[in-house]
Amino acid sequence: MRALVFNAAFDVTVDEVPDPQIQSAGDAIVRVVATCVCGSDLWYYRGVSPRKAGSRIGHEFVGVVEAIGTDVGSVAVGDFVIAPFMFSDGTCPHCLNGITSSCVHGGFWGSQGTDGGQGEYVRVPLADGTLVVVPGGQPDAELIPHLLALSDVCGTGHHAAVGAGVRPGMTVAVVGDGAVGLNGVLAAKRLGAERIIALSRNPARQAIATEFGATDLIEARGQDAVGAVVELTGGLGVDATLECVGSAEAMTTAFAIARPGSRVGFVGVPHDIEFPVNIAFQNNVGLGGGLAPVRTYLPELLADVLAGRIRPGLVFDLEVPFDELPAGYAAMDERRAVKAMARLA
Ligand SMILES: [Zn+2]
């Protein structure tokens, strides 16, 4: 089968790799119908995070179950399934507590001997705990991007909003206009925020933010953005802040616009950030969020997608043939695309 392989910074290729096999009784084999590139993939793509040459990549996919191990009970051959960006058993104390991203038996796609999500087939360990079945079998083509968004960005944006403590009526700010930040806007709206301030300078991203529920757009960055948000809120700062980038500048901005007594929900993979402990102390600003337990949120978000209440897949603005997915990485790296996806069948 074909799958994406990381060779070196700015060098990912579609290679021929061995077909996956059931290795343990809890495994399933999924034939991938659609997969996509994540903003977090760009950290190793750009050489910022180390990654082993030859490693398999990708962690967002939807597809059809082709085979199951003898212990698998919650998914059947032929089911259309969504895979969250990590696998988890669903039964350990952390999973039962809702933090599936800390599952004691779980892990990331493309590591510990598992397949990456950007391939024709994926062996899914702990299939019962990991996969979520979409009722009704193979969905319409139009629905696929919205289901694919549930594998990561929709649930991660939701986690930022939950971490920030978003409640009905609040004024919320979202730092970051990538696919996660835009889904953070969607999540804040879904949780009842009244005013949603999106920080974005890109017209295409601003349009999606507005579609998702942003009421105010701030085009400035850094201190200018802080000043603009503070002014918009009458000098108070916002009731909840979503940090969806992972850079030091984004975290500094987030803490500077957070109203005293509020929380910052952070979901961007942190790089070279120093936690602003003095501001946190001075202003009683807390930090929530972290590595998103997307599996926990999947059922409730899937219900909203199937009911047509949310359309998180609007963040996909580039669709390429699977063999050209490396071009999707380049497009995202150069900010020519918010998020690239490929359909395989
Ligand atoms: Zn677990």
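When residue 62 is tested against the conditions (1) over 19 Å from the mean Cα position of the chain (by Cα); (2) of a type in the set (A, V, I, L, M, F, W, C); (3) surrounded by 14 or more Cβ atoms within 10 Å (Cβ to Cβ), the lone failure is (1). Within the stretch 306-345, the set of residues being under 14 Å from residue 34 (Cβ atoms) and hydrophobic (A, V, I, L, M, F, W, C) comprises 315, 316, 318, 320, 322, 325, 340, 341, 342, 344, 345. Taken together, 273, 279 contain a single residue that is aliphatic (A, V, I, L, M) and in a loop (DSSP other than H, G, I, E, B), which is 273.
Determine, yes or no, whether residue 264 is crowded, with 22+ Cβ neighbours inside 10 Å and part of a strand (DSSP E or B). Here the answer is yes, as residue 264 does meet what is asked.
To keep it simple, each residue is scored yes or no on (1) more than 16 Å from the ligand (Cβ to nearest atom); (2) in the same structural domain as residue 326 (by TED's automatic domain parsing); (3) surrounded by 17 or more Cβ atoms within 10 Å (Cβ to Cβ); (4) of a type in the set (A, V, I, L, M).
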site	(1), (2), (3), (4)
39	yes, yes, yes, no
57	yes, yes, yes, yes
70	yes, yes, no, no
81	yes, yes, yes, yes
89	no, yes, yes, no
94	no, yes, yes, no
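Residue pairs whose Cβ atoms lie under 8 Å apart, separated by 6 or more positions or on different chains, with the first residue in the stretch 205-223 and over 10 Å from residue 185 (Cα atoms) and assigned by TED's automatic domain parsing to the domain that holds residue 191 and the second among the polar types (S, T, N, Q) and outside any helix (DSSP H, G or I), are 206/200; 217/200; 218/200; 219/200. The number of residues in the stretch 289-310 being buried (at least 18 other Cβ atoms within 10 Å of the Cβ) and not in a helix (DSSP H, G or I) comes to 4.
Among the residues of the stretch 96-116 satisfying the criterion of being over 19 Å from the mean Cα position of the chain (by Cα) and under 14 Å from residue 27 (Cα atoms), which is nearest to the ligand (Cβ to nearest atom)? Explain how you work it out, then say what you get.
So the first thing to find is which residues in the stretch 96-116 are over 19 Å from the mean Cα position of the chain (by Cα), and the list is 96-97, 104-105, 112-114.
Narrowing further to those that are under 14 Å from residue 27 (Cα atoms): 105, 113-114.
On the way: 105: 6, 113: 18, 114: 15 Å.
Ranking the qualifying residues of the stretch 96-116, first place goes to 105.
With respect to (1) of a type in the set (A, V, I, L, M); (2) out of contact with any Gly (no Cβ under 6 Å at 6 or more places or on another chain); (3) crowded, with 23+ Cβ neighbours inside 10 Å, the lone exception for residue 164 is condition (2). Checking 162, 166 one by one, the residue that is under 19 Å from residue 237 (Cα atoms), in contact with a Leu (Cβ under 6 Å, 6 or more places away or on another chain) and at pLDDT 95 or above is 166 and no other. Only one of the numbered conditions (1) within 16 Å of the ligand (Cβ to nearest atom); (2) in contact with a Phe, Trp or Tyr (Cβ under 9 Å, 6 or more places away or on another chain) is not met by residue 63, and that is (1). Here residue 118 passes the criteria (1) more than 19 Å from residue 35 (Cβ to Cβ); (2) crowded, with 24+ Cβ neighbours inside 10 Å; (3) not hydroxyl-bearing (Ser, Thr, Tyr) except the one numbered (1). If a residue has to be under 18 Å from residue 142 (Cβ atoms) and more than 17 Å from the chain's Cα centre (by Cα) to count, how many in the stretch 321-345 make the cut? Here the count works out to 3. The set of residues in the stretch 219-250 being surrounded by 20 or more Cβ atoms within 10 Å (Cβ to Cβ) and not in a helix (DSSP H, G or I) consists of 237, 238, 239, 240, 241, 242, 243, 244, 245, 246.
Residue 202 satisfies every condition listed in (1) outside the structural domain of residue 33 (by TED's automatic domain parsing); (2) within 25 Å of residue 342 (Cα to Cα); (3) modelled with pLDDT of 95 or more; (4) not hydrophobic (A, V, I, L, M, F, W, C) except (3).
With 246, 290, 265 as the choices, which residue is at pLDDT below 95 and closer than 30 Å to residue 104 by Cα?
Details: 290 fails: at pLDDT below 95; 265 fails: at pLDDT below 95.
Answer to the selection: 246.
The values are calculated or read from the model by the stated rules, or taken from the named source; none is laboratory data. In this text the structure is predicted, and so the values were computed from the model without any measurement. No Cβ is skipped: glycine too gets one built from the backbone with ideal geometry, and neighbour counts run over all protein chains shown.
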